[in-house]
Amino acid sequence: MGKLSTLDRFLPVWIIAAMAVGLLLGKFVPGLNTALDAVKIGSVSLPIAIGLLVMMYPVLAKVRYNETGRVLADRKLMITSLIINWVAAPAFMFALAWIFVPDLPEYRTGLIIVGLARCIAMVMIWNDLACGDREAATVLVLINSVFQVFAFGVLGWFYLQVLPGWLGLPTTSADFSFWAITASVLIFLGIPLLAGFLTRTLGEKAKGRDWYEGKFLPKLGPWALYGLLFTIVLLFALQGDAITSNPMDVARIALPLLVYFIVVFTAGMVIGRLLNLGYAKTTTLAFTASGNNFELAIAVAIGTFGVTSGQALAGVVGPLIEVPVLVALVYVALWARKRFFTNQPLSV
């Protein structure tokens, strides 16, 4: 702990403070959410988009892109990640939504949408903080992005209409925009990925890897957390009034999300350990499986059901629970390394 910067050492404190500031701004500053939402990229507020890009770029600049081939060659990791992300996790969220909010169809639908939106942004932060495998995280996020473009709408149709019909449950009609999902992936992953790749390639070519990783990256690194905190403030400012005005509804949405994040993360860690993937890849597997693309879930919910809908509120509560829980799970992962992954190197 003594080797960490003040920003890293007290990260949970800064995140909680950022959430509180955002909620207070959204609650007590009239018209702030309207102003923040006035300029958009697709269906997402431009200030939030900027925050996400600032958050993603430093992490993706750290990736050693010439080493991603070894990740693609790891069939155990690839297949396991696909099964957890696109079969097990959405099915688990579907079950949790019907167990915890069977009487609230708007929140139930919102939770299912959150479960379908696999993480392509903040997972890079959590994985990096937990010393996971950066190259593996990048490859898995890219794969999730491709699947997200083509599978999100199909899975939404399956879990909101087909499966409930088979089980004799009420169905929900929802029209997901293929182009909205594609735009989300291209903006929130494509732009910082290209910037990170070019920075790594050109930086190493000009100055060498020692300079790039020893001098440049330490100066660039803190901007990822600055972007994270900025994004959290804005995100909660946009929906601060809705969250603070409906505490009981928020609590009902939060409980299945809490169960989801903890169970899916734990399953990823246990499966990775059983498959002998090693600490770094196991941690990456767990975080890429448990994290969700909240920006996409919120955008889809707002675009399909409206900004004041229960589905949109469920999407906003997602990061309210995900951020502090996954920060806590970073510390759980580091503890698990000492307990269950002895004599295994951390990611560099």
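Annotations
- Residue pairs whose Cβ atoms lie under 8 Å apart, separated by 6 or more positions or on different chains, with the first residue in the range 132-155 and of a type in the set (Ser, Thr, Tyr) and the second open to solvent by less than 10 Å² (accessible area, probe 1.4 Å) and not in a helix (DSSP H, G or I), are 138/63; 145/120.
- Per this entry, residue 99 is not counted among residues that are under 20 Å from residue 188 (Cβ atoms), touching a residue at least 60 places away in the same chain (Cβ under 8 Å) and either touching a strand residue (DSSP E or B) at 6+ places or on another chain (Cβ under 7 Å) or not small (Gly, Ala, Ser) (or both).
- Condition met for residue 226 (of a type in the set (Ser, Thr, Tyr) and either closer than 21 Å to residue 111 by Cβ or out of contact with any helix residue (DSSP H, G or I) (no Cβ under 8 Å at 6 or more places or on another chain) (or both)): no
- Across the range 206-229, the number of residues qualifying as assigned to a helix (DSSP H, G or I), free of Cβ contacts under 8 Å to residues at least 40 places away in the same chain and surrounded by fewer than 16 Cβ atoms within 10 Å (Cβ to Cβ) comes to 9.
- The residues on offer are 143, 232, 187, 191, and the sole one that is in a helix (DSSP H, G or I), hydrophobic (A, V, I, L, M, F, W, C) and in contact with a strand residue (DSSP E or B) (Cβ under 9 Å, 6 or more places away or on another chain) is 187.
- Residue list for the range 124-140, filter: at pLDDT 85 or above, part of a helix (DSSP H, G or I) and hydrophobic (A, V, I, L, M, F, W, C): 126, 129, 136, 137, 139, 140
- Candidate set: the range 238-278, residues that are under 20 Å from the mean Cα position of the chain (by Cα) and either hydroxyl-bearing (Ser, Thr, Tyr) or in a loop (DSSP other than H, G, I, E, B) (or both); chosen: the one nearest to residue 336 (Cα to Cα): 266
- Residues of the range 79-95 classified as open to solvent by 10 Å² or more (accessible area, probe 1.4 Å) and either farther than 16 Å from residue 297 by Cα or out of contact with any helix residue (DSSP H, G or I) (no Cβ under 7 Å at 6 or more places or on another chain) (or both), total: 10
- Hey, residue 241 modelled with pLDDT under 90 and surrounded by fewer than 22 Cβ atoms within 10 Å (Cβ to Cβ) or not: yes
- Residue 102 fulfils the conditions (1) closer than 25 Å to residue 229 by Cα; (2) open to solvent by 10 Å² or more (accessible area, probe 1.4 Å) except for a single criterion, (1).
- The set of residues in the range 59-76 being in contact with a Phe, Trp or Tyr (Cβ under 9 Å, 6 or more places away or on another chain) and either without any contact (Cβ under 8 Å) to a residue 12 or more places away in the chain or assigned to a helix (DSSP H, G or I) (or both) consists of 60, 61, 65.
- Residue within the range 43-57 that is aliphatic (A, V, I, L, M), modelled with pLDDT of 80 or more and not in a helix (DSSP H, G or I) present: no
- Some residue of the range 163-172 being closer than 30 Å to residue 57 by Cα, aliphatic (A, V, I, L, M) and part of a helix (DSSP H, G or I): no
- Being at pLDDT below 90 and open to solvent by less than 40 Å² (accessible area, probe 1.4 Å) is a description that applies to residue 117.
- Against the criterion of being outside any loop (DSSP other than H, G, I, E, B) and out of contact with any strand residue (DSSP E or B) (no Cβ under 8 Å at 6 or more places or on another chain), residue 152 qualifies.
- Residue that is modelled with the highest pLDDT, among those in the range 58-78 that are open to solvent by 50 Å² or more (accessible area, probe 1.4 Å) and of a type in the set (A, V, I, L, M, F, W, C): 73
- Hey, residue 281 surrounded by fewer than 16 Cβ atoms within 10 Å (Cβ to Cβ), modelled with pLDDT of 90 or more and out of contact with any Ser or Thr (no Cβ under 7 Å at 6 or more places or on another chain) or not: no
- Test: residue in the range 131-146 that is over 24 Å from residue 227 (Cβ atoms) and out of contact with any Asp or Glu (no Cβ under 8 Å at 6 or more places or on another chain): yes
The values are calculated or read from the model by the stated rules, or taken from the named source; none is laboratory data. Since we're looking at a predicted model, the values are computed, not measured. Virtual Cβ from ideal backbone geometry, glycine too; neighbours counted across all protein chains shown. Note: areas computed on protein heavy atoms with side chains; ligands, DNA, RNA excluded. Shrake-Rupley method; radii C 1.70, N 1.55, O 1.52, S 1.80 Å.
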